[in-house]
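The next block holds one structure in the form of structure tokens; read it before the comments.
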Amino acid sequence: MNYDENDDDGVVEEVELYSSSRERQAYDDQATLYAIILATEHLERSYARDAITQQTYVQECNKLISQFRLAEKAALPKLKMNTETFMKLYQMDCPRAQERLLNMGVPEPIRHGTGETADVAV
């Protein structure tokens with residue numbers, strides 16, 4: 001992946017975003033983690049506004065929690081930081097996602113033992 005930039009002579013200079021496939025994979029892992037945190041924040045807001053059903057919320061939340069755990073293990077050890085530091089570094093204002101992913105670890109209806117969750121895998 002390259003970004004072309006014009007220099008003063010009008011010549012296009014190629015700018016390398018990464019120097020190896022390992023470095024590219026590290027950036028991809030960070031991007032995945034970032035996207036999962038952001039998606040969780042949006043899901044939490046949608047559920048709080050009653051914009052999605054409880055069943056859909058639980059299914060999607062379980063999926064995001066599972067994906068988060070994998071992405072966290074892939075991205076953060078390379079950076080030698082935790083998720084809170086990652087979120088601060090990239091100025092992620094996602095308090096609902098932080099609470100759900102880092103503190104609770106389960107969807108809200110399951111945490112409180114309410115709702116019909118028999119059809120949903122935990």
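Derivation of every value follows stated rules applied to the coordinates shown; laboratory data play no part. The shown structure was predicted, so the numbers you read here are calculated from the model rather than taken from an experiment.
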On the first, second and third principal axes, largest extent first, how far apart are the outermost C-alpha atoms of the range 51-90 in Å? 38, 19, 9
Can you compute the equivalent ellipsoid semi-axes for the range 1-110, i.e. the square root of 5 times each eigenvalue of the Cα gyration tensor, sorted largest first and rounded to whole Å? 34, 16, 12
Which lysines have a Cα less than 18 Å from the Cα of residue 63, not counting those fewer than 8 places away in the same chain? 73
